[in-house]
Amino acid sequence: MMLTRDQRYAKQIYEQVSQVPEAERQKYGSMAHKLPVLIRTAGLAQALAFVDSRGSDEQKKLLDHLAVVVNEQNAQNLLARSRTAELADYMRLTRNVLAALVWYKRFAQSVLGVAAGEEAEGGGNE
């Protein structure tokens with residue numbers, strides 16, 4: 001059975017998001033809402049590096065999940081690819097990451113119960 005990219009993303013991301021523990025849901029979901037905006041304003045490589053360096057463990061888990069969905073083994077591979085890709089590959093990677101993040105945002109809201117604009121307890125990027 002052939003699935004579209006969106007169908008593949010939706011299936012995989014639903015499974016990932018459904019397994020996020022209760023205690024991690026707020027920060028994970030909050031970053032799912034913020035990351036697309038970060039990517040659009042700063043660029044893919046800079047946004048991913050920011051989350052990797054400044055994000056909480058829950059937010060870094062989102063990077064690991066995202067990496068698997070866009071066919072990288074883990075966040076470190078995704079970060080490396082975003083820094084070294086040729087322009088056409090970088091643009092394709094950015095499009096794929098943003099397409100996947102649409103599903104992370106939807107499931108953050110429906111599965112995790114985290115609405116856009118809701119901050120994690122104790123503030124934003126800790």
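Tell me which of these Tyr14 doesn't satisfy, since it passes every other one: (1) surrounded by fewer than 17 Cβ atoms within 10 Å (Cβ to Cβ); (2) more than 13 Å from the chain's Cα centre (by Cα).
Of the numbered conditions (1) surrounded by fewer than 17 Cβ atoms within 10 Å (Cβ to Cβ); (2) more than 13 Å from the chain's Cα centre (by Cα), the odd one out for Tyr14 is (2).
Just to be sure before I move on: is His33 over 14 Å from Gln109 (Cα atoms) and either in contact with a helix residue (DSSP H, G or I) (Cβ under 8 Å, 6 or more places away or on another chain) or surrounded by 16 or more Cβ atoms within 10 Å (Cβ to Cβ) (or both) in the structure I sent? Can you show your working first?
Working: over 14 Å from Gln109 (Cα atoms): no; either in contact with a helix residue (DSSP H, G or I) (Cβ under 8 Å, 6 or more places away or on another chain) or surrounded by 16 or more Cβ atoms within 10 Å (Cβ to Cβ) (or both): yes.
In short, no.
Looking only at the range 18-41, decide whether some residue is at pLDDT 95 or above and closer than 27 Å to Met1 by Cα.
Yes, the range 18-41 has at least one match.
Are any of the residues in the range 12-26 of a type in the set (D, E, K, R) and either within 14 Å of Leu63 (Cβ to Cβ) or touching a residue at least 12 places away in the same chain (Cβ under 8 Å) (or both)? Write out each step before concluding.
Step one: of the range 12-26, the residues of a type in the set (D, E, K, R) are 15, 22, 24-25.
Adding the requirement that they be either within 14 Å of Leu63 (Cβ to Cβ) or touching a residue at least 12 places away in the same chain (Cβ under 8 Å) (or both) leaves 24-25.
Yes, that holds for at least one residue.
Any residue that is of a type in the set (Asp, Glu) and touching a residue at least 12 places away in the same chain (Cβ under 8 Å) - is there at least one of those in the range 68-85?
No, every residue in the range 68-85 fails to be of a type in the set (Asp, Glu) and touching a residue at least 12 places away in the same chain (Cβ under 8 Å).
Quick one: in the range 68-109, which of the residues that are within 20 Å of Glu15 (Cβ to Cβ) and among the charged types (D, E, K, R) is nearest to the chain's Cα centre (by Cα)?
In this case the residue turns out to be Lys105.
The values are calculated or read from the model by the stated rules, or taken from the named source; none is laboratory data. Fair warning: this is a prediction, and the values are worked out from it, not measured in the lab. Every residue, glycine among them, receives a Cβ derived from its backbone with ideal geometry; neighbour counts consider all protein chains shown.
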